[in-house]
Amino acid sequence: MAVLVIADHDNASLKDSTQKTVTAAKALSGDVDVLVAGQGVDAVAAEAAKIEGVRKVLVAESDALGKQIAEAVTAAVLPLAANYDAILIPATASGKNYAPRIAAKLDVAPISEIIEVVSPDTFVRPIYAGNALETVQSSDAKKVITVRATAFKAAGEGGSAAIEKVDAGAGAPKTRFVSDEIVKSDRPELAAAKIVVSGGRAMGSAEEFQRVIEPLADKLGAAVGASRAAVDAGYAPNDYQVGQTGKVVAPQLYVAIGISGAIQHLAGMKDSKVIVAINKDADAPIFQVADYGLVADYKTAVPELMDALTAAGR
Amino acid sequence: MKVLVPVKRVIDSNVKARVKPDQTGVDLANVKMSMNPFCEIAVEEAVRMKEKGVADEIVAVSIGPVQAQETIRTALAMGADRGVLIQTDTDVEPLEVAKLLKAVIEQEAPGLVLMGKQAIDGDNNAVGQMLAALLDWPQATFASKVEVSGQTVKVTREVDGGLQTLELDLPAVVTADLRLNEPRYASLPNIMKAKKKPIDVKAPADYGVDVAGHLKVLKVTEPPKRTAGVKVENAAELVAKLKTEAGVL
Ligand SMILES: Cc1cc2nc3c(=O)[nH]c(=O)nc-3n(C[C@H](O)[C@H](O)[C@H](O)COP(=O)(O)OP(=O)(O)OC[C@H]3O[C@@H](n4cnc5c(N)ncnc54)[C@H](O)[C@@H]3O)c2cc1C
Ligand SMILES: Nc1ncnc2c1ncn2[C@@H]1O[C@H](COP(=O)(O)O)[C@@H](O)[C@H]1O
């Protein structure tokens, strides 16, 4: 049995959801290859080759792959599929976009966002916003699976896999890339950060969100997240959304400020190691999952928290 | 242009799902059910296209139990023109849903399929992509803006680092994200009018699709419970606890 992992990257560097997906893949098989599909991805392929336990790294390059267009990724993967019993893909926005397309072309049932490998054909995945965990057994000979990265430890370094070019496939003849607006940030990436500070509707404006949340995140070396309400209102960019239908995070420390703790928000952060909530409503549901709750107006609590952190040497 | 909108009946998004004690699934008896919120957004987008003269007919399709008629009625009350219910009590998996939708689309020949990115019960996020694959149509998932012009559609998508805009040849499949629009509430007169709009009732066998599926649910369990911790008095106490007790600073 062999497994293909499709790497998560931005053409410049490998994202650690790849190493985490490799760990899930190793629970299926000892023969794990990684496909880097992109454009100008030499550095990414070199990083992937260093992942411990990877047999070889396949590289497919084209403009359409550089933009992660689903049709193009599918066309690159299909000719390789015959060599593998399972294809594992990090459950990022990009992976979720093409994984089901690959599965449908192979006539298999995709298995979304697994959090555990029970056996090579049985997996656990959250459903209903994480309020239930489903154990499913697949009867497909070939499996297409997306992996919730936060549920697996990253595979270590120390490998030296061979790198091999493969055909890029037919591209995406019916789809044209127009433009993108990628938010550049020096902060750690939300999905991989050790600390996340998130703001909610209570911020009231984009200016206030920046004034309150960002300095605190900077002080903690944290990534910034947001509730849907804050994103919908334009206080924070869309890719900050944490939750059932946004990003799933599981940092060492999650700080929720002015967030009520709706089911859909909890789905994205309740596996964090330590949760802190600052909310002026003592009955806010967020306190039911918070390890440390501070019932206070953030307007006074956050400056005090900044001072206390300074005093503690942060 | 004809627009086809697949809509799913799911647990209402305000209800917390509870696992059945026998671990066979989630308890849906006497639970409020609604149209999947992402499908509502897709219907709204289709109705706006019709209002702008871009679309001339909207067909809402649902696969589910007899009660899924209500979900189609909701779409009709929002402005869809007619419905197709593929009635089955089986919990149809995404691959078979996509195969059934493909069969409907081959009969209906829409110029665009607008659907939700994800159903909030199974959280699969799969049917749109699978449908596009089976039809060999282009796809644009997680849409926050959709503009049809002539034979193409321009879609802004919510991606990992921000936004991506693609232009697809029609026909195409587009899946809606939260920020595409804010769905309307159907007015009472429109709810009344919707009662007279036609719904075709079919069975999976009418389309020659076997809905047995490839996945077997062995059990459904409750996730580990997180319990409430302590309330701290002030920021200084919080920092002290995070440092010494939790060890995360
Ligand atoms: C289909 C669907 C998908 C969804 N997906 C997501 C998702 O992925 N992620 C997500 O987050 N949500 C999601 N939601 C939305 C979710 O249901 C909630 O509406 C949302 O999380 C609420 O955001 P909030 O907590 O910021 O706002 P609110 O619920 O309005 O809470 C604001 C909180 O701030 C507190 N507050 C106000 N002023 C202050 C102050 N001065 N100081 C301190 N506290 C203050 C209030 O007490 C309140 O608790 C989804 C909903 C649906 C229907
Ligand atoms: N049983 C169904 N009937 C109609 N449409 C469905 C059904 N299941 C899924 N869909 C459509 O597919 C979208 C994504 O669902 P899923 O891939 O199951 O998360 C939904 O928002 C619907 O538009």
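The values are calculated or read from the model by the stated rules, or taken from the named source; none is laboratory data. Just so it is clear, the structure is predicted and the values come from calculations on it, not from any experiment. Backbone-built Cβ (ideal geometry, glycine too); neighbour counts: all protein chains shown.
Here is a check on your reading of the model: is B:Thr175 more than 30 Å from A:Val302 (Cα to Cα), buried (at least 20 other Cβ atoms within 10 Å of the Cβ) and touching a residue at least 12 places away in the same chain (Cβ under 8 Å)?
Details: more than 30 Å from A:Val302 (Cα to Cα): yes; buried (at least 20 other Cβ atoms within 10 Å of the Cβ): yes; touching a residue at least 12 places away in the same chain (Cβ under 8 Å): yes.
Here the answer is yes, as B:Thr175 does meet what is asked.
Among the residues in the stretch A:221-242, are any surrounded by fewer than 16 Cβ atoms within 10 Å (Cβ to Cβ) and away from ligand 1 (no atom under 16 Å from the Cβ)?
yes
Suppose we keep only residues that are assigned to a loop (DSSP other than H, G, I, E, B) and at pLDDT 95 or above within the stretch A:171-192. Which one would you say is surrounded by the fewest Cβ atoms within 10 Å (Cβ to Cβ)?
Ranking the qualifying residues of the stretch A:171-192, first place goes to A:Pro173.
Search the stretch A:271-286 for residues being buried (at least 23 other Cβ atoms within 10 Å of the Cβ) and at the interface with chain B (Cβ under 9 Å from one of its Cβ atoms), and hand back the single one that is nearest to ligand 1 (Cβ to nearest atom).
A:Ile278
Confirm whether B:Lys216 is of a type outside the set (Phe, Trp, Tyr), more than 30 Å from A:Met269 (Cβ to Cβ) and either facing chain A (nearest Cβ under 9 Å) or in contact with a Phe, Trp or Tyr (Cβ under 6 Å, 6 or more places away or on another chain) (or both).
Details: of a type outside the set (Phe, Trp, Tyr): yes; more than 30 Å from A:Met269 (Cβ to Cβ): yes; either facing chain A (nearest Cβ under 9 Å) or in contact with a Phe, Trp or Tyr (Cβ under 6 Å, 6 or more places away or on another chain) (or both): yes.
Against the criterion (of a type outside the set (Phe, Trp, Tyr), more than 30 Å from A:Met269 (Cβ to Cβ) and either facing chain A (nearest Cβ under 9 Å) or in contact with a Phe, Trp or Tyr (Cβ under 6 Å, 6 or more places away or on another chain) (or both)), B:Lys216 qualifies.
Got a sec? Which of B:Asp206, B:Asp121 is modelled with pLDDT of 95 or more and either buried (at least 17 other Cβ atoms within 10 Å of the Cβ) or outside any helix (DSSP H, G or I) (or both)?
Just a single option satisfies the conditions, and that option is B:Asp121.
Would you please name the residue that is farthest from A:Leu253 (Cα to Cα), looking only at residues in the stretch A:287-310 that are more than 7 Å from chain B (Cβ to nearest Cβ) and buried (at least 22 other Cβ atoms within 10 Å of the Cβ)?
Ranking the qualifying residues of the stretch A:287-310, first place goes to A:Tyr298.
Report yes if some residue within the stretch B:14-21 is within 14 Å of ligand 2 (Cβ to nearest atom) and either modelled with pLDDT under 95 or buried (at least 18 other Cβ atoms within 10 Å of the Cβ) (or both); otherwise report no.
The initial filter retains those residues of the stretch B:14-21 that are within 14 Å of ligand 2 (Cβ to nearest atom), namely none.
No - not one qualifying residue is present in the stretch B:14-21.
If a residue must be of a type outside the set (Ser, Thr, Tyr), part of a loop (DSSP other than H, G, I, E, B) and within 11 Å of chain A (Cβ to nearest Cβ), how many such residues does the stretch B:13-30 contain?
Result for the stretch B:13-30: 10.
Only residues in the stretch B:105-132 that are facing chain A (nearest Cβ under 7 Å) count as the first member; pair them with residues that are of a type in the set (Asp, Glu) and within 16 Å of ligand 1 (Cβ to nearest atom), Cβ under 8 angstrom, at least 6 apart or cross-chain, and list the lot.
Hits for this filter: B:Asp123/A:Glu113.
Whether any residue in the stretch A:71-92 is within 14 Å of chain B (Cβ to nearest Cβ), closer than 21 Å to B:Gly116 by Cβ and in contact with an Asp or Glu (Cβ under 6 Å, 6 or more places away or on another chain) is what I want to check.
So far as the stretch A:71-92 goes, yes, one or more of its residues are within 14 Å of chain B (Cβ to nearest Cβ), closer than 21 Å to B:Gly116 by Cβ and in contact with an Asp or Glu (Cβ under 6 Å, 6 or more places away or on another chain).
Considering only the stretch B:222-249, state which residues are assigned to a helix (DSSP H, G or I) and hydrophobic (A, V, I, L, M, F, W, C).
B:Ala235, B:Ala236, B:Leu238, B:Val239, B:Ala240, B:Leu242
Restricting the stretch A:249-270 to residues that are within 11 Å of chain B (Cβ to nearest Cβ) and aliphatic (A, V, I, L, M), which is farthest from ligand 1 (Cβ to nearest atom)?
A:Leu253
Just for the stretch B:1-12: of the residues that are out of contact with any Lys or Arg (no Cβ under 8 Å at 6 or more places or on another chain) and part of a loop (DSSP other than H, G, I, E, B), which one is surrounded by the most Cβ atoms within 10 Å (Cβ to Cβ)?
Only one residue tops the list, namely B:Val7.
Mind checking which residues of the stretch B:81-111 are aliphatic (A, V, I, L, M), part of a helix (DSSP H, G or I) and near ligand 2 (Cβ under 9 Å from one of its atoms)?
B:Val97, B:Ala98, B:Leu100, B:Leu101 - these are the residues of the stretch B:81-111 that are aliphatic (A, V, I, L, M), part of a helix (DSSP H, G or I) and near ligand 2 (Cβ under 9 Å from one of its atoms).
Scan the stretch B:74-94 residue by residue and report those that are acidic (Asp, Glu) and more than 14 Å from B:Arg48 (Cα to Cα).
B:Asp89, B:Asp91, B:Glu93
Collect the residues in the stretch B:31-48 that are away from ligand 2 (no atom under 16 Å from the Cβ) and either surrounded by 14 or more Cβ atoms within 10 Å (Cβ to Cβ) or assigned to a strand (DSSP E or B) (or both), keeping them in residue-number order.
Here is the first cut: in the stretch B:31-48, the residues away from ligand 2 (no atom under 16 Å from the Cβ) are B:31-32, B:48.
B:Arg48 - this is the single residue of the stretch B:31-48 that is away from ligand 2 (no atom under 16 Å from the Cβ) and either surrounded by 14 or more Cβ atoms within 10 Å (Cβ to Cβ) or assigned to a strand (DSSP E or B) (or both).
Report yes if B:Gly161 is surrounded by fewer than 20 Cβ atoms within 10 Å (Cβ to Cβ), farther than 14 Å from B:Ile105 by Cβ and at the interface with chain A (Cβ under 7 Å from one of its Cβ atoms), otherwise no.
Yes: the conditions hold for B:Gly161.
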